[in-house]
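First comes the structure, then the notes that go with it.
The values are calculated or read from the model by the stated rules, or taken from the named source; none is laboratory data. These figures come from a predicted structure and were not determined experimentally. All Cβ positions, glycine included, derive from the backbone under ideal geometry; neighbour counts span all protein chains shown. Side chains are part of the model used for accessible areas, which takes the heavy atoms of the whole protein and leaves out ligands, DNA and RNA. Shrake-Rupley method; radii C 1.70, N 1.55, O 1.52, S 1.80 Å.
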Amino acid sequence: MHVDVLLNNLLNPTILFFFLGLLVVVIQSDLSIPQPISRFLSYYLLLSIGLKGGAELAHSGLTPAIYQVLGIAVLMSILVPLYSFFILKRRLNIFDSAAVAATYGSISAVTFITAINFLHDNNVEYGGYMVAAMALMEAPAIIIGLLLVNAYERRQPTEEDSDSEAYSLRAVVREAATNGSVVLIMGSFLIGLVSTPASVEALQPFTQDIFKGMLAFFLLDMGILAGRRLNAMRTAGWFVISFAILVPLVNAAIIIALAVLFQLNKGDALLLTVLCASASYIAVPAAMRISVPRANAGLYVPMALAITFPFNIIVGIPLYFYLLNLLMP
Amino acid sequence: MHVDVLLNNLLNPTILFFFLGLLVVVIQSDLSIPQPISRFLSYYLLLSIGLKGGAELAHSGLTPAIYQVLGIAVLMSILVPLYSFFILKRRLNIFDSAAVAATYGSISAVTFITAINFLHDNNVEYGGYMVAAMALMEAPAIIIGLLLVNAYERRQPTEEDSDSEAYSLRAVVREAATNGSVVLIMGSFLIGLVSTPASVEALQPFTQDIFKGMLAFFLLDMGILAGRRLNAMRTAGWFVISFAILVPLVNAAIIIALAVLFQLNKGDALLLTVLCASASYIAVPAAMRISVPRANAGLYVPMALAITFPFNIIVGIPLYFYLLNLLMP
Amino acid sequence: MHVDVLLNNLLNPTILFFFLGLLVVVIQSDLSIPQPISRFLSYYLLLSIGLKGGAELAHSGLTPAIYQVLGIAVLMSILVPLYSFFILKRRLNIFDSAAVAATYGSISAVTFITAINFLHDNNVEYGGYMVAAMALMEAPAIIIGLLLVNAYERRQPTEEDSDSEAYSLRAVVREAATNGSVVLIMGSFLIGLVSTPASVEALQPFTQDIFKGMLAFFLLDMGILAGRRLNAMRTAGWFVISFAILVPLVNAAIIIALAVLFQLNKGDALLLTVLCASASYIAVPAAMRISVPRANAGLYVPMALAITFPFNIIVGIPLYFYLLNLLMP
Amino acid sequence: MQANKKVEIIINKLESRQVLLLLKRQNIRGFTFWDGVKGQGDRGQQDGHGLSETFMNTYFVIACTEEEFARIKEKLRNLLREVGGVCMVSDVEWLLH
Amino acid sequence: MQANKKVEIIINKLESRQVLLLLKRQNIRGFTFWDGVKGQGDRGQQDGHGLSETFMNTYFVIACTEEEFARIKEKLRNLLREVGGVCMVSDVEWLLH
Amino acid sequence: MQANKKVEIIINKLESRQVLLLLKRQNIRGFTFWDGVKGQGDRGQQDGHGLSETFMNTYFVIACTEEEFARIKEKLRNLLREVGGVCMVSDVEWLLH
Ligand SMILES: Nc1ncnc2c1ncn2[C@@H]1O[C@H](COP(=O)(O)O)[C@@H](O)[C@H]1O
Ligand SMILES: Nc1ncnc2c1ncn2[C@@H]1O[C@H](COP(=O)(O)O)[C@@H](O)[C@H]1O
Ligand SMILES: Nc1ncnc2c1ncn2[C@@H]1O[C@H](COP(=O)(O)O)[C@@H](O)[C@H]1O
Ligand code: NA
Ligand code: NA
Ligand code: NA
């Protein structure tokens, strides 16, 4: 079955469009999705997933199991950047270590959405509250990252700081919490939660029927983006490349173990695994550029976008699913 | 029932996305819909509504009642700017008075579309020719506005005018009649009118099925825009703010009275009310910047977009509908 | 029946939106589709058509008849630029002659897609491999065009050429083969070919249901583009204008004759006719600007976009279809 | 290299049509411009947002001879006086080719 | 025509907010800027791609008096030192209107 | 502040790749550019419309030393001669940071 799941994933047009995007870069084609379209597609996906999650939670209601999942989610988004930082610090400077740690502690919404699509293809249920779990996991790692920099690199506040928002914890928390992706998915989630079921259903031709197609189109774009960033990884050493694959695997293993321990629902378990295994290339870079400008965005963005993201959607998701199936009867 | 209709409107995701847009601005999130996407969404809505209106008129045919509605529409779009101007002139300069008068005499297509969506949610029929009414109401107010400026502020034509199109009535009429929104909705209307029913129906998955979703997405954007313009209103006095709420109410009251008098169809009556109560923030600013450049766009655009528009889609539409239901059995 | 087919085509909203686009330019309306949206719509159409073609070929399998069609396609894309060049050379300089020849030897994907839509409206089947035929016809003409320039205008390679990619056959072949449109439609075609039928079907609400609507919207944009380029044709002589109508007719006649001779399937025959009769305004200009910069893009783009394209979608497609019906019982 | 004037004009997008007209009438045949420009000036903030082009600027760059600039100077001044915007003039050298 | 300084700043889009803040605090009321700017500098390539604004620049053009420039000069230098970017200063003449 | 040359190049978008290549080969490591630029010149109007990038320009701004400019000058001239476009050079002061 192992190979089957992986192969099935590979023969899915959604994933194949991602490969097409990579190919576009390899053959240096001039195909490129205009930035406003990328934004439109990503906003569409966040809105659709958020709305669906909220509507489902309205339907199912809050249960103790939900708090458990949310608790694990937040805990992991605090622990992952901490342990990552101390691994990274051996090879990278403090700024880069903190930024990469925040990157891997936080999550990738696109990976999450791809995993939801995967569950859908495999007819596995998941809880709408997983959207909330996703949103909750975005910010803590960013804050941890900043605290680590401040702890290790105490800077003298100077007179000029009055003009600069940098290094202020308040600014960073605000940046993390008001990040567009978070606001859109959480806003849509709340809208789904309070709206009448009939009115949410009336949006389904937009939010659900064309969803897979929009995702396929978007993954084409993600393939191009990942391909372009991959070029930046050519000069990176084996350390960062192995980090970008091994740490997600370790995080996934931890969550799979916890899922078995706490008897999580299989769909939720996969999504939680994917969240922990994923790395942020939207919210974190935006926050880090402002809070830790001395960290090298040319390092942490490609790690997340060009290595961890493809690894997760191509190999990771089916692999984690296979393991969960193996361990959770 | 009053509160029910209002509440139902408030719990509609479409309207909630508008609130989410306002929230985005309040919390200073970086979420922002790229301008090409705003344009795409608004063009999509105009095209869909135009096409549907035309196809429905082709189906129903022209009746005397239609001329009645169109007559009222045009008449109001001439009277409203006239009486508004004389109210405004007490507090504002001639240029601003004329521009604001034109703004409130003209209409907002997005408010109109939101009202159509409201009728749809409440299973109320309306005539396809209302699209024509909308298009007819766009230009007259702009022309009146310009005539008022010319009447009160006779300027000496100078030699340099050869290079400038400003202040020329011909230029303004052309500007008003060739405004993109008008051309698109009227063009689509005519296409809907002459096309074979089967061929219009073949477009429905695009023009109708995903309509509500696209509208919701667009209202998110409108919320952001309105929120941003709202900041500009902070320094505006109580005069303009009350004008922006009271004049729409007065206009609505007049139309509701006329609707009862002429026994209009309820759906048509609501749409006509909404058109008169709405204020333009697309066509009029574009025309005014060119024809009355000395008017302050930072005044009339926020009034229409940040006060009257939200007022109408949140409170106005359900309120007018409630009143119409009360008065037209 | 002749007039019927033509009229039916003219009363199709898709074609009427093209006319609306032309009208927009004539009345100098400010309606304009932002460039990212044009790109999005064209990419959407290519992706959808490619995917469908691939899935259909996967279903039908390869047959000898397919090789026949592909053979004719490639042959024509070599012959057309050759004979066109020698006609053009009588009036135009070498550079322009070669560029125009390449333009008419290559194909227009949008015309092709419009023809597919036409077949769909008339319930005529066609083979999915026609997408491959289209892709195969893109490049040869570009290469022929460049070879012709090199043959007639042997240039001395200079030292500075090291910084310039111009005039190199390798660069041009790469440019032609990696052109975004080709890569996207061929990539989607291959994805359609290898994906599981169920997974392709899951994309249909996006790739098929809203297809006609997206095409209508896109043709509105094409109308605007064609209208704008038409202005550039005002100064062009009767020679280029008649070339832009007659050469497509001649090419169509040749293919219709071959189709009767080889007993091609009627749908395939129409598409092949349309491909040969169409002229490129995306891939060829991009390649020519780089390979033959001295050719005047203000000549060959308007010819293809403002004359041949409208001619084909308004008159050509129904005409070729009428003739095929007449000659192939 | 040849000495030239570089004229930069920042004006509301809606009025860019009038600048183009002026250049055409004065027979200035080389110019460059781009849209999507934001800014702030006497007429408030142009933030680039909205469905119309009311709050957007266009940026023009025109390299021309002293004589050509003299030709458009007064016309330009009149236009800017009426509709707002700014114009900056500086010296550049033109790389002949 | 009036002699003026033209200040051009190229800075990461994410930091454009800070430049705007600085201008506001120093009471510089006229400026122009646009996004979607790409480039390369000490901090690597900004290619304009991606879903965040991490790899994009903003271009600022500020026409101001010598005195106004003096007011922002040091603040600007501090900002650029911290977050990167470049600033170029030249002389222009301002077409009065 | 340090005296520098400011080189501005306006060229068809399709050829921007060649400018980037030239800068890379000549080891010019700081530059800025943006797309979506329209204009008019000897090769007609570039109106920014269309599905290809045939009718669009790219604007380059390069701050460099006199010596660096000398290095690219002739190469640039050759490129512009072949494919069109313009290049303007002026003096700026670079705000050191
Ligand atoms: N001092 C300045 N420096 C740079 N740009 C300016 C300046 N003043 C005005 N602008 C630009 O010119 C536009 C129109 O100016 P105004 O008509 O004064 O509002 C503004 O939106 C700015 O983009
Ligand atoms: N010498 C230069 N000339 C023009 N633009 C430059 C130069 N150096 C840097 N830039 C621009 O400034 C941005 C930030 O520079 P940096 O902080 O040095 O990476 C770059 O992405 C370029 O767009
Ligand atoms: N005198 C000029 N001033 C400003 N921009 C120019 C000038 N001449 C040409 N350009 C720009 O350079 C581009 C290419 O010029 P050309 O190759 O002469 O057609 C044009 O599309 C304009 O954007
Ligand atoms: Na993670
Ligand atoms: Na009104
Ligand atoms: Na052809």
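If you check C:L23, C:L31, C:L45 for being over 22 Å from the mean Cα position of the chain (by Cα) and buried (at least 22 other Cβ atoms within 10 Å of the Cβ), only one passes: C:L31.
Applying the selection to region B:49-58, what residues are surrounded by 20 or more Cβ atoms within 10 Å (Cβ to Cβ) and either of a type in the set (F, W, Y) or over 16 Å from the mean Cα position of the chain (by Cα) (or both)?
Of everything in region B:49-58, those that are surrounded by 20 or more Cβ atoms within 10 Å (Cβ to Cβ) and either of a type in the set (F, W, Y) or over 16 Å from the mean Cα position of the chain (by Cα) (or both) turn out to be B:L51, B:K52, B:G53, B:G54, B:A55, B:E56, B:L57.
Test B:A171 against the criterion of being more than 8 Å from every other protein chain (Cβ to nearest Cβ), in contact with an Asp or Glu (Cβ under 8 Å, 6 or more places away or on another chain) and open to solvent by less than 10 Å² (accessible area, probe 1.4 Å), and give yes or no. Considered against the rule, which asks whether it is more than 8 Å from every other protein chain (Cβ to nearest Cβ), in contact with an Asp or Glu (Cβ under 8 Å, 6 or more places away or on another chain) and open to solvent by less than 10 Å² (accessible area, probe 1.4 Å), B:A171 comes out as no. E:L95 satisfies every condition listed in (1) open to solvent by 10 Å² or more (accessible area, probe 1.4 Å); (2) more than 27 Å from B:S32 (Cβ to Cβ); (3) away from chain F (no Cβ under 14 Å) except (1).
When the helices (runs of 4 or more DSSP H) confined to region B:59-164 are screened for residues that are surrounded by fewer than 22 Cβ atoms within 10 Å (Cβ to Cβ) and modelled with pLDDT under 90, those reaching at least 2 such residues are found at B:64-88, B:130-152. For D:D47, are the conditions met, namely being open to solvent by 10 Å² or more (accessible area, probe 1.4 Å), within 13 Å of ligand 1 (Cβ to nearest atom) and touching a Ser or Thr at 6+ places or on another chain (Cβ under 8 Å)? No. Exactly one residue among F:V83, F:V89 is more than 13 Å from F:K5 (Cα to Cα) and within 12 Å of chain D (Cβ to nearest Cβ), and that residue is F:V83. Residue count for region A:191-203 satisfying the condition of being part of a helix (DSSP H, G or I) and facing chain B (nearest Cβ under 8 Å): 5.
Please find, among F:N4, F:N27, the residue that is over 23 Å from C:F95 (Cβ atoms), part of a loop (DSSP other than H, G, I, E, B) and more than 7 Å from every other protein chain (Cβ to nearest Cβ). Only one candidate qualifies: F:N27.
Taking the conditions exactly as written (open to solvent by less than 10 Å² (accessible area, probe 1.4 Å), more than 16 Å from ligand 3 (Cβ to nearest atom), in contact with a Lys or Arg (Cβ under 6 Å, 6 or more places away or on another chain) and at the interface with another protein chain (Cβ under 10 Å from one of its Cβ atoms)), does C:L215 satisfy them or not? Give the steps one after another, and end with the answer.
Details: open to solvent by less than 10 Å² (accessible area, probe 1.4 Å): yes; more than 16 Å from ligand 3 (Cβ to nearest atom): yes; in contact with a Lys or Arg (Cβ under 6 Å, 6 or more places away or on another chain): no; at the interface with another protein chain (Cβ under 10 Å from one of its Cβ atoms): yes.
Here the answer is no, as C:L215 does not meet what is asked.
The sole residue among C:S199, C:S242 that is more than 30 Å from B:F211 (Cβ to Cβ) and out of contact with any Ser or Thr (no Cβ under 7 Å at 6 or more places or on another chain) is C:S242. Among the residues of this structure, A:F311 counts as one that is open to solvent by 10 Å² or more (accessible area, probe 1.4 Å), of a type in the set (A, V, I, L, M, F, W, C) and closer than 30 Å to C:G50 by Cβ. When you check A:L92 against the structure, is it more than 30 Å from A:Y44 (Cβ to Cβ), more than 14 Å from chain C (Cβ to nearest Cβ), touching an Asp or Glu at 6+ places or on another chain (Cβ under 9 Å) and more than 16 Å from ligand 3 (Cβ to nearest atom), yes or no? No; evaluated as a whole, the condition is false for this residue.
So which residues in region D:19-39 are surrounded by fewer than 20 Cβ atoms within 10 Å (Cβ to Cβ) and under 28 Å from B:P302 (Cβ atoms)? If the condition is that a residue be surrounded by fewer than 20 Cβ atoms within 10 Å (Cβ to Cβ) and under 28 Å from B:P302 (Cβ atoms), then D:D35, D:G36 are the ones that fit.
When A:A287, A:A283 are checked against the criterion of being surrounded by 24 or more Cβ atoms within 10 Å (Cβ to Cβ), within 14 Å of chain E (Cβ to nearest Cβ), closer than 19 Å to A:M222 by Cβ and more than 16 Å from ligand 3 (Cβ to nearest atom), a single residue qualifies: A:A283.
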